[in-house]
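These notes concern the structure reproduced below.
The values are calculated or read from the model by the stated rules, or taken from the named source; none is laboratory data. Nothing here was measured: the structure is a model prediction, and the numbers come from that model. So basically every Cβ, Gly included, is an ideal-geometry build from the backbone, and we count neighbours across all protein chains shown. These accessible areas exclude ligands, DNA and RNA; they are computed on the full protein's heavy atoms, side chains included. Shrake-Rupley method; radii C 1.70, N 1.55, O 1.52, S 1.80 Å.
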Amino acid sequence: MLAEATAPTLYGPGQAGGLARLEREHDNLRAALARFAEQGAVERSLRLGAALEHFWYVRGHLSEGRRWLETALAGAAIVAAPVRANALAAAGVLAHYQGDYPQARELQQEALALRRGIGDRPGIADCLQMLGLIAESNGDYAAAERYFAEGLALRRALGEPRHVAMMLLNLTSPAQYRGDHERARALIEESLVLSRQAGDQRGIGYAYFILAEEEEYRGDFPAAARCIARSLALFHAVGDPRMVAQCLERLTDVAGARADPARAARLFGAAAALREAAGAPMEPTERRRHDPLLAAARAALGERAFAAAWDKGRALPAERAVAEALAGAEAAAPMPAPAAPAPPAPPRKLTVREVEVLRLVAEGLTNAQVAERLFLSPKTVARHLDAIYTKLDVPSRTAAARFAIDHGIV
């Protein structure tokens, strides 16, 4: 089945190609779902729907995907437990991102019970992650942290760097809620290293999106704008309209919504159109931040000018809205020039070789991979890392990687 064969490629380096392939075949996949429904082939419908969940979610086909899955689940009298569990969990993901938290929780809890019963550890971790996100959306950060912590332990035990990276990002919200920004930043830094190692562009995009919150907390709004701009470019490249909308909203805020209310209204309108097309409304936490900015733009412009700017934004193609947002971010907070292959002067007395090692570590390579790339032994790489930690006065690989990112070494 095309969707099942393509599903594993929707994460990691090939995700943009996999998503584009399913988009091209979407009409054929719809026809297959309709044919299965006519034939009463419930199990095949559930398998195909579950395999398409990530595509539907990323590309903004939330309502359509949810309809197919819930229709098939309603007709699923007796199907294999793994098949039903996968379909329930997939429907729960789509319900969550449409803001239907009670239904999302019910679907995920049923899927979790089935997966615990059959010992599906990766599936259990998926359900724990979604239940944590649902709890977070409802403001229950204590419950969210319990779900995320259990899920993280499972992901680490399973040795899944990409999934570990996402669970680490999930744990930043409870940490931020407690005011523990040091922990939140450490979680983001570790996640960013792991996502780079896995080649997961969406994971990197999420990490920068959340890192922007920490930069805002420190009062470094230019740095926050740069983080969101990086995130926006990554999500636009993989074709994720929901996250493109979120980045447009946040970047418009950070890069000076009040200074240019007409531009703010235009980009907020573009984001609203993307959200409507994707069937992905704002979460309550997003709305609390967004609504005062929208009200300020309306008050500054007057109702007629605001409506004109909003309508113009709604009509903007996504490509143009993204370009306008990135240009505004560059004007408000100039993006750093791309790093040269090697910095002109090694920082803090690092040798040229140590800089090479640090750059590759920050890109997510293991010691063995660094050794292979630089024609060194793993023991030599480890010695270089010890020297790097001492010279930079950092305690860990993650902290060293963060130094490399902050200083333009990668």
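Structure above, values below:
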item	result
Conditions (1) surrounded by fewer than 15 Cβ atoms within 10 Å (Cβ to Cβ); (2) within 27 Å of ARG162 (Cβ to Cβ); number of the one not met by VAL381	(1)
Wholly within the stretch 250-354, helices (runs of 4 or more DSSP H) carrying at least 2 residues that are open to solvent by 50 Å² or more (accessible area, probe 1.4 Å) and modelled with pLDDT under 85	284-301, 318-332
Conditions (1) in a loop (DSSP other than H, G, I, E, B); (2) modelled with pLDDT under 75; (3) not aromatic (Phe, Trp, Tyr): number failed by LEU365	(2)
All positions within the stretch 169-209 that are open to solvent by less than 30 Å² (accessible area, probe 1.4 Å), within 19 Å of ASP140 (Cα to Cα) and assigned to a helix (DSSP H, G or I)	LEU169, ASN170, THR172, SER173, PRO174, ALA175, ALA184
Count - residues of the stretch 210-243 that are charged (D, E, K, R), over 24 Å from HIS181 (Cα atoms) and surrounded by fewer than 23 Cβ atoms within 10 Å (Cβ to Cβ)	1
Answer from GLU283, GLU276 - the residue that is within 26 Å of PHE55 (Cβ to Cβ) and more than 19 Å from the chain's Cα centre (by Cα)	GLU276
Elements of type helices (runs of 4 or more DSSP H) in the stretch 64-165, at least 3 residues being more than 29 Å from ALA184 (Cβ to Cβ)	81-97, 101-118
Matching residues in the stretch 81-103 - criterion: being more than 23 Å from the chain's Cα centre (by Cα) and buried (at least 17 other Cβ atoms within 10 Å of the Cβ)	VAL83, ARG84, ALA85
Unique residue being open to solvent by 10 Å² or more (accessible area, probe 1.4 Å), modelled with pLDDT of 90 or more and within 29 Å of ASP200 (Cβ to Cβ) when the list is GLU110, GLU106	GLU110
LEU274 vs. criteria in contact with a Pro (Cβ under 6 Å, 6 or more places away or on another chain), in contact (Cβ under 8 Å) with a residue 40 or more places away in the chain and within 27 Å of LEU19 (Cβ to Cβ)	yes
Residues satisfying the stated conditions in the stretch 10-60, i.e. within 17 Å of GLN98 (Cα to Cα) and either within 17 Å of the chain's Cα centre (by Cα) or at pLDDT below 85 (or both)	GLU53, HIS54, PHE55, TRP56, TYR57, VAL58, ARG59, GLY60
Count of residues meeting criterion [free of Cβ contacts under 8 Å to residues at least 24 places away in the same chain, open to solvent by less than 30 Å² (accessible area, probe 1.4 Å) and under 29 Å from the mean Cα position of the chain (by Cα)] in the stretch 364-378	1
Count - residues of the stretch 130-168 that are open to solvent by less than 30 Å² (accessible area, probe 1.4 Å) and either touching a residue at least 60 places away in the same chain (Cβ under 8 Å) or under 22 Å from ASP100 (Cβ atoms) (or both)	11
Of all residues in the stretch 48-64 being of a type in the set (Gly, Ala, Ser) and on the phi < 0 side of the Ramachandran plot, the one that is surrounded by the fewest Cβ atoms within 10 Å (Cβ to Cβ)	SER63
Residue match in the stretch 65-80 (condition: within 22 Å of the chain's Cα centre (by Cα) and open to solvent by less than 50 Å² (accessible area, probe 1.4 Å))	yes
